[in-house]
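Structure first, commentary second.
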Amino acid sequence: MAQIGFIGLGTMGLPMAANLLRKGHAVTVYNRTPGKADELASAGAAVASSPKEAAEKSDVVVTIVSNDSAVEQVYYGDDGVLGGMRPGSILIDSSTVSPALVRRLAADAAARGGSFLDAPVTGSKDGAIQGTLLFMVGGDRQAIESCRDIFLAMGRDIVPMGESGSGATAKLAHNAIVGINAAGLIEGMAIAAKGGLNLESFVRVVQGGGAASKQAELKGPKILAGDFSVQFALALMLKDLKLSSVLSDGMGVPTPMLEAAKSLFQTGEAKGYGEEDLAALSRVYEEWIGRRMRD
């Protein structure tokens, strides 16, 4: 089995690395906050002192961090991954970042004799824990196939999307739909609440009708329970919508629904809900309608 480096032990990364260990892979982990690695160390992971050290010890490096700036720091910073990567190694980034950054990383990895795959995921926190993530992957098809057992230790499916950057583009298009769907669900629930309907009954109608969606399944119960513990943080949803907006502007694609959703999530962040689950957007609507949407 390949030696795997894993960098970024946040909401998604920690359970993804844990699943690699459970499937018998040798894993070296790194996180900027050292304590995050303790659980994995007790499960058999080695702990690196830097991204560079993790890369030096690994045939395959997986990274999943919060944004473009964090990815640049992990790869290009002092003691970064590119400074320690082995010739022939494969770098996999599962962060949600801009396609332009991905293409630059792919070129720089190739110049050092390695391969880079942009492999963002969908499935949220529960999918990371259960190992049911879907990977949308850009980059060399042979490199993707060589990492199949690694991907399937963390997820249920791999969808090759094309050349470098295509995985990132797919994720931004996907998350534009997620943001729009979530906003639509919450707005519909606000109408039902203001109309005096029982919201539990209304969510049953949504889930059983033409408005059914993964967001209704995931976020409807959280809104009803007033549970804003993070599956997918509101601030990260907003970050992805901003990246989608920049991408679509560059391609000349009109995106009025994306822009409306982005504005709504900006309002949620401005009100202090950024570190809560994106379902906390419902709290904005509660203020607007003067009525609670939860027990």
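The values are calculated or read from the model by the stated rules, or taken from the named source; none is laboratory data. The model shown is predicted, which means the values in this text are computed figures rather than measured ones. Please note: Cβ atoms are built from the backbone with ideal geometry, for glycine as well, and neighbour counts cover all protein chains shown. Just the protein is used for accessible areas: all its heavy atoms, side chains included, with ligands, DNA and RNA removed. Shrake-Rupley method; radii C 1.70, N 1.55, O 1.52, S 1.80 Å.
Observations on the structure shown:
- Condition broken by Met293, with the remaining ones in (1) surrounded by 17 or more Cβ atoms within 10 Å (Cβ to Cβ); (2) not in a loop (DSSP other than H, G, I, E, B) satisfied: (2)
- Counting the residues of segment 249-271 that are in contact (Cβ under 8 Å) with a residue 40 or more places away in the chain and part of a helix (DSSP H, G or I) gives 7.
- Here the condition is being aliphatic (A, V, I, L, M) and more than 24 Å from Leu152 (Cβ to Cβ); of Ala2, Ala41, it holds for Ala41 alone.
- Where a residue in segment 12-41 is under 19 Å from Lys125 (Cα atoms) and its partner, wherever it lies, is of a type outside the set (A, V, I, L, M, F, W, C) and surrounded by 15 or more Cβ atoms within 10 Å (Cβ to Cβ), with Cβ under 7 Å and at least six apart: Met12/Lys125; Leu14/Lys36; Asn19/Gly131; Asn31/Gly8; Ala37/Asn31
- Scanning segment 191-209 for residues that are part of a loop (DSSP other than H, G, I, E, B) and open to solvent by 90 Å² or more (accessible area, probe 1.4 Å) turns up Leu197, Asn198.
Yes/no matrix, rows are residues, columns are (1) outside any helix (DSSP H, G or I); (2) surrounded by 21 or more Cβ atoms within 10 Å (Cβ to Cβ); (3) of a type in the set (S, T, N, Q):
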| site | (1), (2), (3) |
| --- | --- |
| Gly127 | no, no, no |
| Gln142 | no, no, yes |
| Glu145 | no, no, no |
| Ser164 | yes, yes, yes |
| Ala170 | no, no, no |
| Gly184 | no, no, no |
| Met189 | no, yes, no |
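- Residue selected from segment 210-224 under the condition in contact (Cβ under 8 Å) with a residue 40 or more places away in the chain and open to solvent by less than 30 Å² (accessible area, probe 1.4 Å), by the criterion farthest from Met293 (Cα to Cα): Lys219
Per-residue answers, yes or no, for (1) out of contact with any Leu (no Cβ under 6 Å at 6 or more places or on another chain); (2) surrounded by fewer than 18 Cβ atoms within 10 Å (Cβ to Cβ):
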| position | (1), (2) |
| --- | --- |
| Ala109 | no, no |
| Ala119 | yes, no |
| Thr122 | no, no |
| Val137 | no, no |
| Asp149 | yes, yes |
| Gly155 | no, no |
| Gly167 | yes, no |
| His174 | yes, yes |
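- Among the candidates Asp240, Asp227, residue that is closer than 21 Å to Gly127 by Cα, open to solvent by less than 30 Å² (accessible area, probe 1.4 Å) and either among the acidic types (Asp, Glu) or modelled with pLDDT under 95 (or both): Asp240
- Residues of segment 264-290 that are small (Gly, Ala, Ser) and open to solvent by less than 60 Å² (accessible area, probe 1.4 Å): Gly268, Gly272, Gly274, Ala279, Ala280, Ser282.
- Matching residues, segment 87-107, being crowded, with 17+ Cβ neighbours inside 10 Å and not hydroxyl-bearing (Ser, Thr, Tyr): Ile90, Leu91, Ile92, Asp93, Val97, Pro99, Leu101, Val102, Arg103, Arg104, Leu105, Ala106
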